[in-house]
Structures are given as C-alpha cells and as structure tokens.
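Enquirer: Here's a structure for you.
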Amino acid sequence: MLQLEIKSDAPDLEIVQNLVRVYGMKIILDTHTFLWFINDSPELSNSAAELIESDESISFSYCFFVKICISCFYICSSLF
C-alpha cells in the first residue's frame, strides 16, 4: 500500500493523478484533511485541495465515519 500525505506538503498534483489513473489507486482522506477541505482551511495546501476537487477516486476509511460519529456524540452530549 502506498500512502501519500496530501495535507500540507502535497506531492505534485499531476504525479498523484497519474498514479490514480494508471494503477487504479484510491485516495483515502483522513478526518483532518476532510475537515480542512470543507472549511477552506489554510492548513490544507492548494494542490491538495485541487486534488480532492478534481478526483473521483476519493475514499474514506471506516475509521473516518467512527471518528465523526464520536465527535458528534461528544459535541451533542456536552450541549445538554
């Protein structure tokens, strides 16, 4: 398994797109990267944001959904 960090020091966009196209790789976003992307955070590099926007090979792990659910539960329980 090849893991590339695309949070702040994103590899060249064209290289990653070629890896996805040629080898059928999928890009798995971690929770922070996804949250930075949807909030337009400066923590996420421009090339990483372009990669997320331009590629249909984006996936999420099961842990991603568990972390989001736990975070939502924690936030909701702290409100009451």
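Enquirer: If you take the residues of the stretch 21-37 that are surrounded by 13 or more Cβ atoms within 10 Å (Cβ to Cβ), modelled with pLDDT under 85 and among the aliphatic types (A, V, I, L, M), which of them is nearest to the chain's Cα centre (by Cα)?
Expert: Going through the qualifying residues, I end up with LEU29.
Enquirer: Six or more apart or on different chains, Cβ under 9 Å: which pairs go from a residue in the stretch 56-80 that's at negative phi to one that's loosely packed, with under 12 Cβ neighbours inside 10 Å and among the small types (Gly, Ala, Ser)? Could you list them?
Expert: SER57/GLY24
Enquirer: I'm trying to understand the selection: among the residues of the stretch 43-59, which are more than 16 Å from GLN17 (Cα to Cα) and loosely packed, with under 15 Cβ neighbours inside 10 Å?
Expert: Listed by number, the list holds a single entry, GLU43.
Enquirer: Let me ask something else about it. Failed condition for GLU43, given (1) outside any helix (DSSP H, G or I); (2) in contact with a Leu (Cβ under 8 Å, 6 or more places away or on another chain); (3) at pLDDT 70 or above, with all others met?
Expert: So GLU43 meets the others, but not (2).
The values are calculated or read from the model by the stated rules, or taken from the named source; none is laboratory data. On a predicted model such as this, the values are computed, not experimentally measured, just so you know. Note that we place each Cβ from the backbone using ideal geometry, even for glycine, and neighbour counts take in every protein chain shown.
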